[in-house]
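Here the structure comes first, spelled out in structure tokens, and everything after it is commentary.
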Amino acid sequence: MSVETAVPIPLLHSTVLEWYAAHARDLPWRAPEATPWAVMVSEFMLQQTPVKRVLPAYTAWLERWPTPAALAADAPGEAVRMWGRLGYPRRALRLHAAATAITERHGGEVPDDHAELLALPGVGEYTAAAVASFAFRRRHAVLDTNVRRVFARVVDAVEYPPTATTAAERRTATALLPEADETAATWAVAVMELGALVCTARTPRCGGCPVAAMCAWRLAGSPPYEGPPRRGQTYAGTDRQVRGKLLAVLREAHGEVSQAELDAVWHEPVQRARALDGLVADGLVEPVAQGVYRLPGAPAAG
DNA sequence: CATACGTGGGC
DNA sequence: TGCCCAAGTAT
């Protein structure tokens with residue numbers, strides 16, 4: 001059974017696109033003057049961090065580093081510091097590494113090709129498609145958690161998509177992609193917006209949904225999720241929490257930090273040491289001398 | 001393919 | 001109060 005037979009695609013397109021035209025949020029990375037670099041910065045920050053918290057960080061970041069070359073010229077530790085409390089600070093390191101690669105391999109211009117984007121540090125399937133689509137108006141299936149949820153409901157009549165992206169989901173997304181590049185690019189961001197504002201994970205606002213009348217899940221009576229339990233993220237008491245505390249000290253200290261300052265953040269020495277070792281292994285923290293640490297600096301000139 | 005990886009806000 | 005979730009990526 002093909003997607004084409006189950007969903008009136010032209011009607012779906014026009015309905016979602018009209019809804020988007022009327023209800024899209026006015027986000028800075030969607031402004032016409034947003035550069036591909038700005039779009040890329042927003043995508044890194046939005047990987048698992050809500051829009052509201054990204055907004056101020058995005059503005060400050062681009063003010064300081066308006067181009068990939070500007071960021072690449074600074075120390076990676078500065079990127080980690082500017083990242084602040086967005087979470088998952090490895091993203092800051094990867095964004096810095098991506099800026100370096102763009103500067104060295106692409107003449108300082110964010111590549112417009114999906115494969116070249118995918119080759120950059122921290123750029124996976126989603127981000128490559130998002131940058132190619134949003135910044136360069138290319139035709140790509142953009143499958144993020146919002147889009148996957150919308151398609152799961154509208155097309156597959158289930159409340160939630162599978163844990164990991166499947167080939168079937170890619171087929172569906174591709175089959176639903178409008179033909180024209182420009183339309184496909186707007187479609188991608190429009191479906192994402194619908195998932196973010198209306199077709200939400202917890203309590204979808206089906207009453208205000210423009211496609212409720214053609215939503216397979218809705219038409220099936222909104223059956224509850226039946227798959228395997230969606231495992232939550234553990235945090236309290238884990239290495240992640242300790243890493244967060246350690247890195248917070250490093251971020252707020254401009255310069256070197258002593259072992260004693262780091263020891264103060266966690267009582268249990270084995271876990272504390274393991275967390276610190278992990279940060280060093282990830283390149284987020286740099287040992288300077290015995291018992292002295294700092295955020296990573298520029299590599300020695302040579 | 002499952003797991004590690006931060007942080008904070010909403011209900 | 002907790003539990004759930006937020007424009008994922010790398011291993």
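The values are calculated or read from the model by the stated rules, or taken from the named source; none is laboratory data. For clarity, every value in this text was computed on a predicted model and none was experimentally measured. Cβ sites come from the backbone with ideal geometry, for glycine too, and all protein chains shown count toward neighbours. Each accessible area value is taken on the protein alone, full model and side chains, heavy atoms only, with ligands, DNA and RNA left out. Shrake-Rupley method; radii C 1.70, N 1.55, O 1.52, S 1.80 Å.
Brief remarks on what is shown
- Qualifying residue in segment A:197-205 (condition: exposed (fewer than 11 other Cβ atoms within 10 Å of the Cβ) and closer than 17 Å to A:GLY87 by Cα): no
- Boolean, A:GLU169 is at pLDDT 95 or above and of a type in the set (Asp, Glu): yes
- Hey, A:PRO121 within 16 Å of DNA strand B (Cβ to nearest atom) and in a loop (DSSP other than H, G, I, E, B) or not: yes
- Filter result (open to solvent by less than 30 Å² (accessible area, probe 1.4 Å) and either farther than 24 Å from A:ARG91 by Cβ or of a type in the set (S, T, N, Q) (or both)) within segment A:248-294: A:GLN271, A:GLY291
- Counted residues, segment A:215-265 - those being in a loop (DSSP other than H, G, I, E, B) and aliphatic (A, V, I, L, M): 5
- All positions within segment A:102-118 that are buried (at least 18 other Cβ atoms within 10 Å of the Cβ) and in a helix (DSSP H, G or I): A:ILE102, A:THR103, A:HIS114, A:LEU117
- Qualifying residue in segment A:269-289 (condition: farther than 20 Å from A:LEU86 by Cβ and part of a loop (DSSP other than H, G, I, E, B)): no
- When residues of segment A:50-85 are limited to those that are within 9 Å of DNA strand B (Cβ to nearest atom) and open to solvent by 10 Å² or more (accessible area, probe 1.4 Å), the one farthest from A:THR200 (Cα to Cα): A:GLY84
Here's the yes/no breakdown for (1) more than 30 Å from A:ARG138 (Cβ to Cβ); (2) touching a helix residue (DSSP H, G or I) at 6+ places or on another chain (Cβ under 7 Å); (3) open to solvent by 30 Å² or more (accessible area, probe 1.4 Å); (4) not assigned by TED's automatic domain parsing to the domain that holds A:GLU43:
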residue	(1), (2), (3), (4)
A:THR172	no, yes, no, yes
A:ALA175	no, yes, yes, yes
A:TRP187	no, yes, no, yes
A:PRO224	yes, no, yes, yes
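- Within segment A:26-49, if we keep just the residues that are within 16 Å of DNA strand B (Cβ to nearest atom) and not small (Gly, Ala, Ser), the residue that is most open to solvent (accessible area, probe 1.4 Å) turns out to be A:GLN48.
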